[in-house]
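**Q** The following block contains the structure, expressed as structure tokens.
The values are calculated or read from the model by the stated rules, or taken from the named source; none is laboratory data. Since we're looking at a predicted model, the values are computed, not measured. All Cβ positions, glycine included, derive from the backbone under ideal geometry; neighbour counts span all protein chains shown. All accessible areas refer to the heavy atoms of the entire protein, side chains included, with ligands and DNA or RNA removed. Shrake-Rupley method; radii C 1.70, N 1.55, O 1.52, S 1.80 Å.
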Amino acid sequence: MDWFKKPKYMTVRVTSKKKLDIPDNLVTRCPGCSEIILNKDIENAQRTCPKCNHHFQMPARERILFLADPDSFRETSGRIQAADPLAFPGYRDKVVKGKKQTGNLDSVIAGFCTMGGIPVGLAATDFRFMGGSMGSVLGEEIAALIEKAVERKNPVVIVSASGGGARMQEGIISLMQMAKTSAALARLAAAKQMFISVLTDPTGGGVTASFAMLGDVIIAEPNALIMFAGPRVIEQTIRQHLPKRFQRAEFLQEHGMIDIIVRRQEMRDRLIQLLSITQPVPAQE
Amino acid sequence: MAAENYLEFEKAVVELENKIAELRSFTDDQRLNLKEEIEQLEQKAETMRRDIYRKLTPWQIVQVSRHPMRPHTLDYFNGVFERFIELHGDRAFIDDRAMVGGLAWLDKKPMVVIGTQKGKDTKENLAHNFGLPLPEGYRKALRLMKFAEKFNLPVITFVDTTGAFPGLEGEERGVAEAIARNLRDMSVLRVPIIVVVIGEGGSGGAIGIAVGDRVAMLENSVYSVISPEGCAAILWKDRAQAPKAAEILRITAADLKRLGVIEDIITEPLGGAHREPQTIIAKVKQYLQENLPELSAKPIEVLLEERYMKFRKVGVFEAAAHEC
């Protein structure tokens, strides 16, 4: 046998367009199981993979409609938009792009709704808008929501998809939003109202190091990346080898940082069960 | 000043100062009278230094803020206060040497002092992990703050850190949670808190001990959401562009005062705090003496409401043209 003989292959030119003549918006290759899945099937499963249950990112508004009782959500956000306090290069363009991509003014949707009949302040951040990063708008919407919840004596649920952390483009002002949102949560705690923080993929930096880690109950979606410093930053700065599954939800749970991992399909029911402890126990008949 | 400790942009003036020193020793040896010439040169050096320091660029200020000979937290603990007793550990895991704290007395009044500690040389830096705190550092800080609250003592924090330690251990043990908890609990701590940024105020690692009734910065200190190097890496994929990033980010004491993020600037001696440590220590002492009585005299509910509003009002946004 001639092991080193050059194999003879027939070359077939495949123009990928011809071969996969399916528009991009119809299917997705799942990063979890590498299967090609119909987008429709992903959307029908609350943006999870029907084959392997990989959780795709969920837009903020969709998240809120999915969690709130039908027609109960009244938005408090959406009246303010980002300014450019530092005249930071490229910031305005990024905001315009984020607005186009999401149809929202910034990276957060906030308001009041009921969940299983329980009145609750509900917010969600949107990774598609500048990585869900926290600038003045997100800080203001979250702080205002929490303050209103204190007035109304309502619990608060915030779903984070903020891998971007504190928004660099607003400099020190973004950093101060960490103190602002955390201080508002101190008031919610003083009012003995529950705060549930839901961490989704990815949540990082100044968002993790403020309201996101301050839940009375902290829930994460399976496999969500949850971090303070990003893995690349860690590897570059201190040249440490990082373990598998590092900074994933399951890793955080093992290390005592979060309470429960809940699949998206069960999220609403689980939240309602947790929120129900804040409700008066019905009198015995 | 030791030759190895000058910054690149003061090279010319340091060279001149070295010349003057040489000339002086030469005069002593030869019994020549060069007094007038030396005085003239000294004046020239002084003017040069003044000119350089009057218009430092933000990047130059970053370099001054990181100067290894700049007084660090423990220098203030030992210099500002009559007595300092260090209290160690977070009562759970370790004693993080990047965060130091304890009891201190100023004008015979006890208070709790806390701060991130950098070193002057490699040995000190290794001992204090380069001033990069672990979660336990923030937890120790909070433990000491609760101690202060219990005994009704004011809290003074000194900020000088590149940031929280960016590593495996910090992530595993919840550095984000530790910082977040400090932010929340400091906002309602029932004693006055004064924060002094003495060098580098590096992002979350800095604000984790910087929620206070007064936040002051030394003239040549910086306070930022991200390091200029990190920002340059993101914006231009080139850390060498850090000088440009330092400008864009608005991180100097003057910038932060203008943005309404800090209350006060403590001016430094000509040429930076490291040239006259005793002068800057005296100024920080004076700042505390001026501000503590007023804060201590305030009813606690008023103090807490003002502290809350101080951070609550930080934010710059516009009304949306139409509701989205």
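**Q** With respect to the numbered conditions (1) under 22 Å from B:L56 (Cβ atoms); (2) out of contact with any strand residue (DSSP E or B) (no Cβ under 8 Å at 6 or more places or on another chain); (3) in a helix (DSSP H, G or I), which one is the sole condition not fulfilled by B:G271?
**A** Of everything listed in (1) under 22 Å from B:L56 (Cβ atoms); (2) out of contact with any strand residue (DSSP E or B) (no Cβ under 8 Å at 6 or more places or on another chain); (3) in a helix (DSSP H, G or I), B:G271 misses just condition (3).
**Q** Among (1) free of Cβ contacts under 8 Å to residues at least 24 places away in the same chain; (2) touching a strand residue (DSSP E or B) at 6+ places or on another chain (Cβ under 6 Å), which single condition is A:E151 missing?
**A** (2)
**Q** Find all pairs meeting these conditions: Cβ atoms under 9 angstrom apart; at least six residues apart or on different chains; first residue within segment B:228-244 and free of Cβ contacts under 8 Å to residues at least 24 places away in the same chain and under 18 Å from A:G230 (Cβ atoms); second residue part of a helix (DSSP H, G or I) and among the acidic types (D, E).
**A** Close Cβ pairs satisfying both conditions: B:R239/B:E229.
**Q** Can you confirm whether B:N125 is farther than 30 Å from B:E290 by Cα, without any contact (Cβ under 8 Å) to a residue 24 or more places away in the chain, touching a Lys or Arg at 6+ places or on another chain (Cβ under 8 Å) and open to solvent by 10 Å² or more (accessible area, probe 1.4 Å)? Talk me through it step by step, then tell me what you get.
**A** Details: farther than 30 Å from B:E290 by Cα: yes; without any contact (Cβ under 8 Å) to a residue 24 or more places away in the chain: yes; touching a Lys or Arg at 6+ places or on another chain (Cβ under 8 Å): yes; open to solvent by 10 Å² or more (accessible area, probe 1.4 Å): yes.
Judged against the criteria, B:N125 is a match.
**Q** What's the number of the condition B:D255 fails, among (1) touching a His at 6+ places or on another chain (Cβ under 9 Å); (2) within 14 Å of another protein chain (Cβ to nearest Cβ)?
**A** Tallying (1) touching a His at 6+ places or on another chain (Cβ under 9 Å); (2) within 14 Å of another protein chain (Cβ to nearest Cβ), B:D255 fails exactly one: (1).
**Q** Of all residues in segment A:228-238, which are touching a residue at least 24 places away in the same chain (Cβ under 8 Å) and more than 7 Å from chain B (Cβ to nearest Cβ)? Can you show your working first?
**A** Our first condition is that a residue be touching a residue at least 24 places away in the same chain (Cβ under 8 Å); within segment A:228-238, this holds for A:228-230.
Residue satisfying the conditions is A:G230 alone.
**Q** Go through (1) in contact (Cβ under 8 Å) with a residue 24 or more places away in the chain; (2) more than 27 Å from A:A82 (Cα to Cα) for A:V207 and report which single condition fails.
**A** Only one criterion in (1) in contact (Cβ under 8 Å) with a residue 24 or more places away in the chain; (2) more than 27 Å from A:A82 (Cα to Cα) is unmet by A:V207, namely (2).
**Q** Which one is farthest from A:I173 (Cα to Cα) among residues in segment A:62-90 that are among the charged types (D, E, K, R) and in contact (Cβ under 8 Å) with a residue 60 or more places away in the chain? Full working, then the answer.
**A** Of segment A:62-90, the ones among the charged types (D, E, K, R) are A:62-63, A:69, A:71, A:74-75, A:79, A:84.
Now drop any that are not in contact (Cβ under 8 Å) with a residue 60 or more places away in the chain, which leaves A:63, A:84.
Numbers: A:R63: 28, A:D84: 11 Å.
Among those that are among the charged types (D, E, K, R) and in contact (Cβ under 8 Å) with a residue 60 or more places away in the chain, it is A:R63.
**Q** Same structure again: Residues that are within 28 Å of B:R181 (Cα to Cα): which helices (runs of 4 or more DSSP H) entirely in segment B:50-156 hold 3 or more of them? Step through it out loud before you land on a result.
**A** Values: elements: B:58-65, B:73-80, B:122-127, B:135-150.
Because the criterion is at least 3 residues that are within 28 Å of B:R181 (Cα to Cα), the helices (runs of 4 or more DSSP H) in segment B:50-156 that meet it are B:73-80, B:122-127, B:135-150.
**Q** Can you tell me which residue is nearest to B:P243 (Cα to Cα) among those in segment B:30-64 that are touching a residue at least 60 places away in the same chain (Cβ under 8 Å) and open to solvent by less than 40 Å² (accessible area, probe 1.4 Å)?
**A** Restricting to residues being touching a residue at least 60 places away in the same chain (Cβ under 8 Å) and open to solvent by less than 40 Å² (accessible area, probe 1.4 Å), the top hit is B:P58.
**Q** Of the numbered conditions (1) within 15 Å of the chain's Cα centre (by Cα); (2) more than 27 Å from B:N182 (Cβ to Cβ); (3) not aliphatic (A, V, I, L, M), A:P280 fails exactly one; give the number of that condition.
**A** The one condition A:P280 does not meet is (1).
**Q** Let me ask something else about it. Just for segment A:239-272: of the residues that are within 14 Å of another protein chain (Cβ to nearest Cβ) and of a type in the set (K, R), which one is nearest to A:N223 (Cα to Cα)?
**A** Keep residues of segment A:239-272 that are within 14 Å of another protein chain (Cβ to nearest Cβ), which gives A:239-259.
Now narrow it down to the ones that are of a type in the set (K, R): A:239, A:244-245, A:248.
Numbers: A:R239: 24, A:K244: 12, A:R245: 8, A:R248: 5 Å.
If we take residues in segment A:239-272 being within 14 Å of another protein chain (Cβ to nearest Cβ) and of a type in the set (K, R), then A:R248 is nearest to A:N223 (Cα to Cα).
**Q** Among the residues of segment B:200-246, which ones are of a type in the set (D, E) and either more than 26 Å from B:I280 (Cα to Cα) or within 10 Å of chain A (Cβ to nearest Cβ) (or both)? Steps first, please.
**A** So in segment B:200-246, the residues of a type in the set (D, E) come out as B:200, B:213, B:219, B:229, B:238.
B:E229, B:D238, listed by residue number.
**Q** Return the total of residues in segment B:155-193 being surrounded by 23 or more Cβ atoms within 10 Å (Cβ to Cβ) and away from chain A (no Cβ under 14 Å).
**A** Counting residues in segment B:155-193 that are surrounded by 23 or more Cβ atoms within 10 Å (Cβ to Cβ) and away from chain A (no Cβ under 14 Å) gives 5.
**Q** Before we move on, is B:Q278 farther than 25 Å from B:V13 by Cβ and either at pLDDT below 95 or away from chain A (no Cβ under 14 Å) (or both)?
**A** Working: farther than 25 Å from B:V13 by Cβ: no; either at pLDDT below 95 or away from chain A (no Cβ under 14 Å) (or both): yes.
Taking the combined requirement at face value, the residue does not satisfy it.
**Q** A further question on this structure: How about segment A:42-61: which of its residues are open to solvent by 60 Å² or more (accessible area, probe 1.4 Å) and part of a helix (DSSP H, G or I)?
**A** A:E43, A:N44, A:R61
**Q** Scan segment B:286-307 and give yes if some residue there is closer than 26 Å to B:E8 by Cβ, within 14 Å of another protein chain (Cβ to nearest Cβ) and in contact (Cβ under 8 Å) with a residue 12 or more places away in the chain, otherwise no.
**A** Among the residues of segment B:286-307, not one is closer than 26 Å to B:E8 by Cβ, within 14 Å of another protein chain (Cβ to nearest Cβ) and in contact (Cβ under 8 Å) with a residue 12 or more places away in the chain, which makes the answer no.
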